[in-house]
């Protein structure tokens, strides 16, 4: 009897150990954990949750047609990968310790962003569509840049997609969010990194970055959430980009994330209120920064590429081929959308249309300049 108990304890401990560890060239350490040992399953609403390996209703129509184009991160550039049935998890260096059974401990929750005026210091340049009949997902192709961000100020610069239901001015806002961000005080470097985020109560008590608290369920072994993209776009040169899909599985209500043709994971419906039982009513694409005015002036933190939208292709950041996913999982090209810029002397946005790029917009800026005090 005692022997059986000891063996059970040892097996439980072994199951929570990484199957493989990768030392990335940028200093990151990535552990390959069994997919069933990820922190999302520690959420009270996800006890006994059965991980979905793929959406119950399949992939949106055009993902099935997409050609396979490998998007690299620094940790797997040399062909390194995690074994099947595992997921790569970047070791956090901000307050998070190693796995303890299936728990992240001592994690500093970062309530990162609210893209509206009530959040002091947040500035953005975004495109958006409000559709009260319901938005079941979106697709957009975005550049990946390496903007300069002030250190020691807890500032960041990001480019992302938001899908939203509820009300910004109440406590019932639900969002799912994903994109790339440069956040030196969190990641301790200036690389653009893949991130995910969510909230169900207007960022008051729920939600945090990446896998630093329970919530997002990862299923891919190809991407490490929180790890850096490489290569990135360059001025006048290659426009390195990623195509990001977020959509609702209408059978079980989960919200899925894909990059190009790789399915990353999902936000379980149980996490939400509005987004659990229905579609989003608002989609936003674009850039956001935090302006702390730490030196008595507007921050020099850049958005996008650091160039104004007016500078166009080769310099400015862009979102292109904007699409909405409907109830039947078909992608409908966006015809009309609204641009919003909170501080247009510091960051700008300009929209356009072309046969190649469909509905698109340029965005970004340098922050502090002669017209941006």
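Bear in mind that the values in this text are calculations on the coordinates, not laboratory data. This is a predicted model, so every value here is computed, not measured. FYI the Cβ positions are ideal-geometry reconstructions off the backbone, even for glycines, and counts take in every protein chain you see.
Some notes on this structure:
- Annotation: peptides 366-373, 213-220, ranked by per-residue average of other Cβ atoms within 10 Å with the highest first, follow the order 213-220, 366-373.
- Using alpha-carbon coordinates, inclination of helix 2-15 to the longest axis of the chain, degrees: 20 degrees
- Gyration tensor verdict on the range 226-373 (Cα atoms; rounded if a/c is under 1.5, prolate if a/b is larger than b/c, oblate otherwise): prolate
- With contacts taken as Cα pairs under 8 Å at a separation of at least 6 residues, the range 127-183 carries a relative contact order of 32 percent.
- Highest mean packing first, where packing is the average number of other Cβ atoms within 10 Å per residue, the peptides 319-329, 284-294, 166-176 line up as 284-294, 319-329, 166-176.
- Sequence of 145, 357 once ranked by neighbouring C-beta atoms within 10 Å, starting from the fewest: 357, 145
- Once the Cα-Cα distance is subtracted from the 0.36 nm per residue extended length, the residue 47 to residue 357 segment shows a gain of 107.3 nm.
- Most mobile of 194, 257, 132 in a GNM of the chain (Cα contacts under 10 Å): 132
- Gyration tensor (alpha-carbon) shape descriptor, the range 121-364, a/c threshold 1.5: rounded
- Helical contribution to [θ] at 222 nm, DSSP H n ≥ 4, -39,500 (n - 2.57), averaged over the chain, rounded to 500: -2000 deg cm²/dmol
- Contact order relative to length of the chain, as percent, for alpha carbon pairs under 8 angstrom and 6 or more apart: 22 percent
- Computed over the range 114-233, the P(r) curve from all C-alpha pair distances, binned at 10 Å from the origin, holds 12, 41, 38, 10, 0 percent per bin.
- One chain, two ends: residue 330 and residue 251. Fully extended at 0.36 nm per residue, the span grows by 26.9 nm beyond their Cα-Cα distance.
- A Förster radius of 25 Å, combined with the Cβ-Cβ distance separating residue 345 from residue 172, puts the computed FRET efficiency at roughly 0.15.
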